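*Asks:* Sharing a structure with you now.
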């Protein structure tokens, strides 16, 4: 019997999970609240590392297509002091495939491919333990039942409520985003400053990053510590008022950096939220989480990437974890095992075939069959593929979310 699998959320994590299942001939339905793929801007650019994001795409059969779309030159990085002094300058080698960049929109289109995506299906609630599986209630009042629901619906996940009462909290850091178009023609000086990749400037409780996307587009991120209501009275529709506020905040910084703000168009406010570092939850049959829904972290550097151990049945066996790492009793607890930002060892879960069976197997209280011997068990192949997909997506953490 085919398992009814739903992925809630059409971001990178959910789509990658779905593509791995699809690549192994297992049907999956993606439920996305946006009415269409182009309903809102897709965001900036991501870097996918070898053995991490690229490994996930390889398991989905998409690595060659990713390599054709990605930009190895986007790995270039320049760091400045606030006075404009170049502190470090890392050029990118054209043949370096360690962590090339790809626009989020391009990655989304690559992952969508042949997937069954139901657009405009906003999920309001997920109810596990019903007599027919996991009940999904939609914002429009409709309902549908699945055997496995994977919550990949981001920071403010509706699926998370089915397994955990945790809610994100403000980090004390805010990010304001703007952008420049056709930068090589309109702003050649800024184009040279950002180069083929990124330029970053770090001050006291403030930072500034400009990152090149494809097509001459540059995303600009002003990052600073501030109370959540720092912008009270500021009209975000008034670009000049926002620009003036930011220029005051970065007063004294080198003029070329401030020129990114002078030439920015619209401004978007993005306060950064995280889930508690010690976030865990008891296993709930038929429901699990991926991506930001499981382990929301601030997008402030690739070093936050924590790699999950692969399923033993995947093509490349995993080495045993060091004895010093703690081992959660169920794989869904803090799914990718991110540790405290202040230091200490990462806590990494062990993902194995038993974990896959636990995720995919209906509980006795939620099965449609009355006797244990009648309960449908997912095939060993499906158990392996679910484990493979889950562990693959846990390796996939972008440099910037925006």
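The values are calculated or read from the model by the stated rules, or taken from the named source; none is laboratory data. This one's a predicted model, so the numbers in the text were calculated from it and none came from an experiment. Here the Cβ is made from the backbone with ideal geometry for all residues, glycine too, and neighbour counts use every protein chain on show.
*Asks:* I need the full set of residues from region 38-66 which are out of contact with any helix residue (DSSP H, G or I) (no Cβ under 9 Å at 6 or more places or on another chain) and under 16 Å from residue 104 (Cβ atoms), in order please.
*Replies:* Listed by number, the residues that qualify are 39, 40.
*Asks:* Moving on. From the list 26, 22, 49, which residue is in contact (Cβ under 8 Å) with a residue 40 or more places away in the chain, over 27 Å from residue 296 (Cβ atoms), crowded, with 18+ Cβ neighbours inside 10 Å and outside the structural domain of residue 194 (by TED's automatic domain parsing)?
*Replies:* Just a single option satisfies the conditions, and that option is 26.
*Asks:* Ok, one more. Sort out for me the strands (runs of 3 or more DSSP E) sitting completely within region 129-197 that have 2 or more residues that are in the same structural domain as residue 265 (by TED's automatic domain parsing).
*Replies:* 169-180
*Asks:* crowded, with 16+ Cβ neighbours inside 10 Å and over 30 Å from residue 218 (Cα atoms): does that describe residue 126?
*Replies:* In short, yes.
*Asks:* When the residues of region 255-279 are filtered to those that are surrounded by fewer than 17 Cβ atoms within 10 Å (Cβ to Cβ) and assigned to a loop (DSSP other than H, G, I, E, B), which remaining residue is farthest from the chain's Cα centre (by Cα)?
*Replies:* Only one residue fits best here, namely 265.
*Asks:* Quick check on my filter: what residues within region 91-114 are closer than 23 Å to residue 288 by Cβ and crowded, with 20+ Cβ neighbours inside 10 Å?
*Replies:* Those that are closer than 23 Å to residue 288 by Cβ and crowded, with 20+ Cβ neighbours inside 10 Å: 107, 111.
*Asks:* Moving on. Take residue 229 and decide whether it is outside any helix (DSSP H, G or I) and under 19 Å from residue 172 (Cβ atoms).
*Replies:* Taking the combined requirement at face value, the residue satisfies it.
*Asks:* Restricting to region 52-90, count the residues that are farther than 15 Å from residue 193 by Cα, crowded, with 20+ Cβ neighbours inside 10 Å and touching a strand residue (DSSP E or B) at 6+ places or on another chain (Cβ under 9 Å).
*Replies:* 4
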